[in-house]
Every structure is written in structure tokens, then in C-alpha cells.
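Input: a single structure, listed below in C-alpha cells.
The values are calculated or read from the model by the stated rules, or taken from the named source; none is laboratory data. Owing to the predicted nature of the structure, the values given are computational and were not obtained by experimental measurement. Here the Cβ positions follow ideal geometry from the backbone for every residue, glycine too, while neighbour counts run over all protein chains shown. When the accessible area is computed, the model is the full protein with side chains, heavy atoms only, and any ligands, DNA or RNA have been set aside. Shrake-Rupley method; radii C 1.70, N 1.55, O 1.52, S 1.80 Å.
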Amino acid sequence: MGSELDIDNSGALLEQVNHALHSATALRIQGSNSKVFLGRITAGEVLDTRSHRGIVSYDPTELVITARCGTPLSELASVLDDAQQMLPCEPPAFNDEATVGGMIACGLSGPRRPWSGSVRDFVLGTRVITGHGKHLRFGGEVMKNVAGYDLSRLMAGSFGALGVITEVSLKVLPKPRQCLSISLEMDAERALMRLAEWGQQPLPISAACHDGALLHLRLEGGEGSVAAAHDRLGGERLGASYWQDLNEQRLSFFDEDLPLWRLSLPHDTPCLSLPGTQLIDWGGAQRWLKSDAEASLIRSVVKAAGGHATCYSQGLVDSPFQPLPDALMRYHRNVKQQLDPRGIFNPGRLYAEL
């Protein structure tokens, strides 16, 4: 199916999990380690998923692709590109060897997220090795097959704490016929106001980022709608590579030698008063903050605005992810207990209690 290497190594992965269960050994699940900086540091015997790789099936007419967990994201993107299709949520890779399994486990989405949906929204089904030593299939390969659907989605953003994702079926979409990026000169407060207005109008916006001086927009769709939107909005043309550089954190903003925070907020949140510099992404729903302010201050301001803050600088705080209320933590513990009763999968990666 277009894969340079097509290897089903699920038997060896299952054997390693069962051995870990019998010996009560923690497992540190990893692919290329491209997102190792996210979450808490976890110890354990390495379970490397990269030997289990390849495109299992792909039918462009059905808009569904199924791949093994160790398949490089670049390989998946190449296969889709040949059919003029894409994974609309634009998951970041952070290195050339990032894998499909890591993409699902971390659940990160790119600039198109508010307009297309998250990684979780495109998961149709998964195969997972559970903490019971079983290799199970959840969900399916078509949208109408809902058996186990929510459990498959639960794997997105689980950071390997619930099981070893061995295979995933994903919904894909055709690439837009036309794509144009522009920059408009305005301050952040005005940019957020305009984005709120444009959100109520039929404009083909698929990405919006404010860098402190300029509002960058990506327009996608039919040639006529993109041209009409450009005529209406004006602005200078922007290189298409800007969005990938933003997604992969290659912009100069990310070079500043200060801790990096990701602020997730309601889309209509006004500018936040916080020490440091900010980059507004997702049309205002995601803010990147470079700041050496105390974690308690950052989180209190963000929480008051109805959001949460994640620290992207590992080791800076004990809980990189926003601490959970007691009731929500109980739900997390219950799910963990059901799928990983011995607690061998990435213990402590999300929270110390898990």
C-alpha cells in the first residue's frame, strides 16, 4: 500500500506486554520520541512501536486509511498526497520520524483544528493491546460503525496510559482546490474582534494566527470563494510554509529562551494580561506563551478565563498538564483501572496519580 516497510510485529509487542504483566514491570511506550518533552518523565522498560509499521488498507474513494502504529507520519502523508487527500487536523510531527501511534497518543492538532476538528474527530477505529494482555479491536473503518467508537476516541490524547495502540483507522478528506495565505496589519485586540465577526460569516478561513503585529490568515476552498475573500479582506500574500513552521514550532517566537506554555481557551476570550510574550493561534482558542512567570499565576489567569494551561518545558513543574478536580481525577482513575489494572503503561506520564 505504498509503504517501504510493511511489517506486522503485533505478536512481539503483545508478548512484551504479557511478560511485563507477569513480572510487574512498567513499560515506557514510545515511537520516535518526538514528543517526549510533553508530560511527566516516566520510567520503565522501553516498548518501541516502530517495528510494527505499514499501511494496512487505503481506499481513496471511501476516504479511510488504516495504518500500523509505527508507520512514520511522513509516509502516511505521502500516500494521502498521491491521492490529493489529507488528514485535516494537521498533527505536528516535531521530527522526521514521528509515528502514527504517537500522533494518536498525544492527540495534538495543527492550525486547521477549529475549522476541521481534532485528531480525535478523525479516529474511526483502533487496535489496542490492553493491560489484560489482550489485543482487541475497537470501532471500525466507516463512520456508521459506532461499536466501540468512543473507546477508540478515548485513545487520542491518552499518552499511552491506557494501552498500546497498534493500529488506527482514520477518516481523511480531499485537499482544498485553492489555498491562499495573507497577512493583515492590526493589533491583537482588534484581530480577536475581527475574527469573532468573521466567524459568523461564510468566509473560507482555515487558519488564523496573530504574532503581535500581524494577523495571518489562510483561505481555503474553491477558487471563486478564495478570490472573493481575498478581495474583501485585502492583505499581503504570505508564504504557505508559514503554517507548517508554526505547527512544528520553527518560528522565531519559539526560539526565545523562556519556558513555553500552551493556553487552551474559549474562542471568544479577549487578550490575557500575563508576563511574557504571546502568539495567538486557532483564531484565539490557543495561545502560546513564553514566560518565566510562576505556574500558579499563569494557571489562575487562564482558569479564570475558562481555559487550561499546559507546560511544554519538561521538568519545570510537577504537573505539566492542568491539575484535575477531584471528581474528574476519579473518572480518570476508573478508566485507567479498567484498561490497565496493573498500572504498567506509561505510569505517571499524564499525572502522578495515573
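Tabulated data
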read-out	value
Relative contact order of the chain, pairs being alpha-carbon contacts under 8 Å that are 6 or more residues apart, as %	19 percent
Proximal aspartates and glutamates relative to residue 290, as straight alpha-carbon distance under 20 Å, when same-chain residues fewer than 8 apart are discounted	187, 189, 211, 245, 248, 255, 256, 257, 281, 318
Cβ-based net charge around residue 319, under 12 Å, with every Lys or Arg adding one and every Asp or Glu removing one	+1
Solvent-accessible area per residue, Å², over the range 48-133 with all protein chains present [probe radius 1.4 Å]	32 Å²
(1) 104, 48, 31; (2) 70, 49, 33; (3) 63, 50, 34, with the label sought being that of the calculated Cα extents along the principal axes in Å	(3)
Across 35/303; 134/175; 35/336, pairs whose alpha-carbon gap is larger than 27 Å	134/175
Rounded to the nearest 10 Å², the accessible area of residue 50 at probe 1.4 Å	110 Å²
Fraction of accessible area attributable to carbon and sulfur, the chain (%, probe 1.4 Å)	50 percent
Proximal lysines to residue 171, defined as alpha-carbon separation beneath 22 angstrom and excluding residues fewer than eight positions away on the same chain	144
Sequence-separation-based contact order of the range 168-237, relative, with Cα cut under 8 Å and 6+ spacing, percent	43 percent
Coil-residue GluC sites (Glu not before Pro) of the range 1-91, DSSP, other Cβ within 10 Å capped at 16	4, 62
